1. For a Förster distance of 45 Å, can you work out the FRET efficiency between the beta-carbons of residue 158 and residue 21, rounded to the nearest 0.05?
2. Quick one: of 67/134; 122/163; 57/126; 126/157; 124/171, which pairs are farther than 26 Å apart, Cα to Cα?
3. Tell me, rounded to the nearest percent, the portion of alpha carbon pairs in the range 49-172 spaced more than 25 Å apart.
4. Which of the GluC sites (Glu not before Pro) found in the range 70-151 are loop residues per DSSP with 16 or fewer other Cβ atoms within 10 Å of their Cβ?
5. To the nearest 0.05, how large is the calculated FRET efficiency for residue 60 and residue 99 if R₀ is 22 Å and r is the Cβ-Cβ distance?
6. What percent does the relative contact order of the range 49-172 come to when contacts are Cα pairs within less than 8 Å and at least six residues apart?
Amino acid sequence: MLFISPEEIDPKDKPSTATRTVDGIVYLRSPSVWYTNIDHGRRHQPLPLMTMADNIKFSRHKEIKGKEYQKYDNYNAINVPFTDAIPSDYDGVMGVPISFLDKYSPEQFEIIGMCENEDLYKQKTKVYTSAECKQAYLDKFQKAGTYDLNASGIVFKNGLLEKVYQRVLIKHKNIEK
């Protein structure tokens, strides 16, 4: 995302923020991504989806192709690792990447909350003890430490407890039959 630089900012003082100069106008890049709930046309376009079976059979992602969707150990939800793998026929809660937010259609999905430490949305089904976090770290890295299992959704991968990247918890408003 580029913005025209205010005149009081000299790009020579902050060369890492200046992206380019065109016709004497200095453009700066934004260090973050912004999401909004301001109504716009794309916000109401439904996300094209496949059934769970079709996603497993035809997915272009090796994490899904030929495998079942993983259930979280600490949430009553399935992990959907890619937005284009959201199943059309699952009526439960799904943990999807935060990149889902720029494709979100409020007519198609309900946002339930997020996988996070505080459990602000009262979705967590399990809280790990300090001893479990330390054991998970030892199992994963073969050395002493702690693995904050309460900070995100947890799946079993190769017999180990694995944290997934930040997830938004969603549910279909109307299941396609």
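1. With R0 = 45 Å, the Cβ-Cβ based efficiency is 0.35.
2. Values: 67/134 29 Å; 122/163 19 Å; 57/126 31 Å; 126/157 18 Å; 124/171 15 Å.
As for pairs spanning more than 26 Å Cα to Cα, those are 67/134; 57/126.
3. Value for the range 49-172 (Cα pairs over 25 Å): 26 percent.
4. 107, 118
5. 0.90
6. 29 percent.
Read-outs: derived from the displayed coordinates by stated rules, not from any lab. From a predicted model like this one, the values you see are computed outputs, not experimental measurements. Virtual Cβ from ideal backbone geometry, glycine too; neighbours counted across all protein chains shown.
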